Amino acid sequence: MTVRLPMSTVIEPERPADHGAVRALVLAAFSREPSVADLVELIRASPQYVPELALVARVAEEVAGFVMLSHAELVCDSGERRRVLTLSPLAVAPAMQGRGIGSALVPAGLEAAERLGEQLVLLEGSPRYYPRFGFRDCRALGIEISLPDWAPPDAGMACALPAYDGRARGRLVYPPAFAAVGAG
């Protein structure tokens, strides 16, 4: 897939100095769900935060997009817990949407997760958007995600990274940050 990004776009891990701009961006992108911006801050303050997997897209030095992958757990039928990643949120400044920024952030996040040796990335998202990045219905991998009533059953999605051994199956348990904002 070829992505045409605005000139001078740079994707890199967020810096502490970016936190205010990221919050403003997430609030703008999720104007009907302002708790998503709180979720970002709660994840940053938690043990599930992975700084290398919180990426910003800068256009002309301004934060124009953001993606965060953080740790969660799969609870297998045996009770065994396996660490996985969740991708949430993906946000692009409304004025910059439709220019390939989100389509560049997702693979950049997956590549960074792969470099860290992670196995699996899960999300709740559009079954029309995320398959282009390798996501598929998580049920095909034996993974259950409790979805909101309004979400279609195939909105629970998984992307198996090269280190995936096929043994991570079970129910996704979101970390406390998600429950604190009423998500997950």
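Laboratory data are not the source of any read-out in this text; all were calculated from the coordinates shown. Keep in mind the model is a prediction, meaning the values are calculated, not measured. So basically every Cβ, Gly included, is an ideal-geometry build from the backbone, and we count neighbours across all protein chains shown.
For region 7-80, the spherically averaged projection of the C-alpha convex hull amounts to 6.4 nm².
The spread of Cα positions in region 58-171, taken along each principal axis and listed from longest to shortest, comes to 50, 34, 19 Å. Expressed as a fraction of 2.2 N^0.38 Å, the C-alpha radius of gyration for region 99-157 is 1.17.
Considering only 68, 96, 157, the mean-square fluctuation computed in a Gaussian network model of the chain, springs between alpha carbons under 10 angstrom, is largest for 96. If you wrap the tightest convex hull around every Cα atom of region 24-66 and split its volume per residue, you get 69 Å³. What the phi angles of region 137-147 give under the Karplus curve with 6.51, -1.76 and 1.60, with θ = phi - 60°, is a coupling list of 3, 5, 4, 5, 9, x, 10, 10, 10, 6, 9 Hz, glycine and proline written as x.
Rg and Dmax, both from the Cα atoms of region 43-83 and both in Å, are 14.9, 50. For region 63-184, a simple Cβ point-charge model (Lys and Arg +1, Asp and Glu -1, everything else neutral) yields a dipole of about 180 debye relative to the Cα centre.
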